[in-house]
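These notes are about the structure you will find just below.
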Amino acid sequence: MIFVFVVYTLQGLGSEALIVAGAAGVFGALGGAVGSLWHNWTIRHASADIARAEHDARHDQLTGLLNRTALFHELDSAFQKSQSADTTMGVLFLDLDRFKVINDSMGHEAGDELLRIVANRLQSSVRGSDVVARFGGDEFVVVCRDLMNEQSVVAVAESILRNFSEPVSLYGGAQVISTSIGVAIAKPDDHRRPEDLVRDADAAMYKAKKARSGYAVFDEEQRLLVIDRLDIERDLVRALDEDQFEVYYQPLVNVDERRLYGFEALVRWNHPTRGVLGPGAFLDVAEETGMMAAIGELVLREACAQAAVWNHLSPDARNIRMSVNIAEQQLLDANLPALIEEVLDWAGLPAGQLVLEIIEDVIVDHLDGLNMLRAIGRLGVGLAIDDFGTGQSSLGYVKQLDMVSILKIDKTFINEMRNGDTDRAIIDAVVTMAKALDLRVVAEGVENEQQLRDLRASGISIMQGYLFNQPVTAKNVDPDSWFQPRAAVNGEPKKPGLTPLEVSRAFANPEQHKRPARRV
Ligand code: C2E
Ligand code: MG
Ligand code: MG
């Protein structure tokens, strides 16, 4: 319109003006058309950008699944819908077993590929309307709504496990992906918040992983445990700062030589309101929250320093060994051999007096990373397989462990040992194998004299258990009598090992047993 009005006004001014005006008009019209095309294109382009950005904000880049933020959004709306429709909803929390091993041994690219395969498998295991999300790392969450009842939720977990049992091909080799699934079920009228369902499914997943049961359903008993766990997690942070951990020592006795063989250092938590807590109450939480490395180092230092103090107090103490448990998290740190070397030097303890105990399952999971254990062995430190016989592996793997010098038979075997029982046969087989491999066998959890006799008959001479002593604090260890062979102290003892009387004898001056000053 404006263009036509301008042409009419210019007509009175002559032809040149008209030509100029016409040209301007044509260019103007063209410009307008190009401008609007450009405008449309940028809008389309911008909206594509926005859509892509929105997609990226909701999806995990590696697997293309929903990410954690989008999961909580979807979970919220699924929860509201299922509650108003009076239907059952299930939240499944999956964590791959041994993912770290694959990632570490085959490389990150293989790990990434495996995560993509898992994402595909998961999606093909559930209905199109179910929500599948990557929660982080090797953790995934599935949300299914509009289900009939609890059984339908469990059926989803079972179907996922069935699908996962098919091996996948990863860089030419066949791998079985095994996963543990925690299930939280929200029935109509559930009073939890949607995000609580993820937390509960996560707790159930830990139960499944521990029991190696594939899946586990969250129940009321676990609900109480979860509250407990959250408290423990909060208090643990303070415990390290406020020096609330204490190391207890449980003797290992050589019953044939009638002398103390060594001690096992066992951590306790002097909790400000709950009293003394054993490791069962907090080590899992410490592992999950990444605090195990710090607690482990603290125990290692304390135990080495204590052994060095005993060396100063009694020449016989130099013959005993100090065993310290090493957690999986500590083994993942490449600096562990250097740390051990530094601690031994700091404490002034000969390496030959230190033994590190590693749980069988952890060793089996790290068979591809034995170089670190070899490096530790080269320091002169002894290595023991702890809780031997509880893992699911065959005995064959022990042959690979040339750096290991001790097998500790788990107390479950000792508990159930009866003459003629299969457990007795297992113990005999272990002793035979250990002899062939030049390993020492220690029996844990020896509680009565019958067990003591049976174990001796099986050829085991080093034992640990309540029959000899409970774990005690350092000030309850009397170096004057504990470190000398019993026969030399008061003739042949009625019972090999140490008497309860000796346990109760405290040092006259507990101050001597404080940590030695750091050596630089
Ligand atoms: P473990 O290394 O196998 O230690 C032996 C456990 O058996 C100890 O339990 C000990 O108190 C208990 N025990 C000893 N004799 C008997 C007995 O005759 N009967 C029975 N029923 N039990 C007996 P505790 O101190 O509760 O420790 C449990 C586990 O916690 C340890 O098992 C070890 O795996 C872990 N742990 C303890 N302290 C540490 C630590 O400083 N670092 C790490 N990484 N783990 C630790
Ligand atoms: Mg141990
Ligand atoms: Mg053990």
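What to note about this one:
- Test: residue in the range 361-381 that is more than 16 Å from Ile326 (Cα to Cα), open to solvent by 10 Å² or more (accessible area, probe 1.4 Å) and within 16 Å of ligand 2 (Cβ to nearest atom): no
- Scanning the range 269-283 for residues that are outside any loop (DSSP other than H, G, I, E, B), touching a helix residue (DSSP H, G or I) at 6+ places or on another chain (Cβ under 8 Å) and away from ligand 3 (no atom under 16 Å from the Cβ) turns up Trp269, His271, Ala281.
- All of Asp402, Asp361 fail the test of being over 17 Å from Ala265 (Cβ atoms), away from ligand 3 (no atom under 16 Å from the Cβ) and in the same structural domain as Gly465 (by TED's automatic domain parsing), apart from Asp402.
- Leu161 being in contact with a helix residue (DSSP H, G or I) (Cβ under 8 Å, 6 or more places away or on another chain), in contact (Cβ under 8 Å) with a residue 12 or more places away in the chain and of a type outside the set (Val, Ile, Thr): no
- Residue match in the range 308-331 (condition: more than 11 Å from ligand 1 (Cβ to nearest atom), under 30 Å from Arg98 (Cα atoms) and in contact (Cβ under 8 Å) with a residue 60 or more places away in the chain): no
- Any hit, the range 384-393, residues being within 30 Å of Ser178 (Cβ to Cβ), in the same structural domain as Asp423 (by TED's automatic domain parsing) and part of a helix (DSSP H, G or I): no
- Which numbered condition Glu246 fails, given (1) charged (D, E, K, R); (2) more than 16 Å from ligand 2 (Cβ to nearest atom); (3) under 27 Å from Val364 (Cα atoms); (4) surrounded by fewer than 18 Cβ atoms within 10 Å (Cβ to Cβ): (3)
- Identity of the residue in the range 57-104, among the polar types (S, T, N, Q) and open to solvent by less than 20 Å² (accessible area, probe 1.4 Å), that ends up nearest to the chain's Cα centre (by Cα): Thr88
- Residue pairs meeting the criteria (Cβ under 6 Å; at least 6 apart or on separate chains; first part of a helix (DSSP H, G or I), in the range 85-107; second open to solvent by 10 Å² or more (accessible area, probe 1.4 Å)): Phe99/Asp138; Val101/Asp365; Ser105/Asp368
- Residue match in the range 219-231 (condition: crowded, with 17+ Cβ neighbours inside 10 Å and modelled with pLDDT of 90 or more): no
- Only one entry of Leu383, Leu407, Leu379, Leu356 meets the criterion of being touching a residue at least 40 places away in the same chain (Cβ under 8 Å) and either out of contact with any strand residue (DSSP E or B) (no Cβ under 8 Å at 6 or more places or on another chain) or within 16 Å of ligand 1 (Cβ to nearest atom) (or both), and that entry is Leu379.
The values are calculated or read from the model by the stated rules, or taken from the named source; none is laboratory data. Keep in mind it's a predicted model, so treat the numbers as computed, not measured. So basically every Cβ, Gly included, is an ideal-geometry build from the backbone, and we count neighbours across all protein chains shown. Remember, those area values only see protein heavy atoms, side chains included, never the ligands or the DNA or RNA. Shrake-Rupley method; radii C 1.70, N 1.55, O 1.52, S 1.80 Å.
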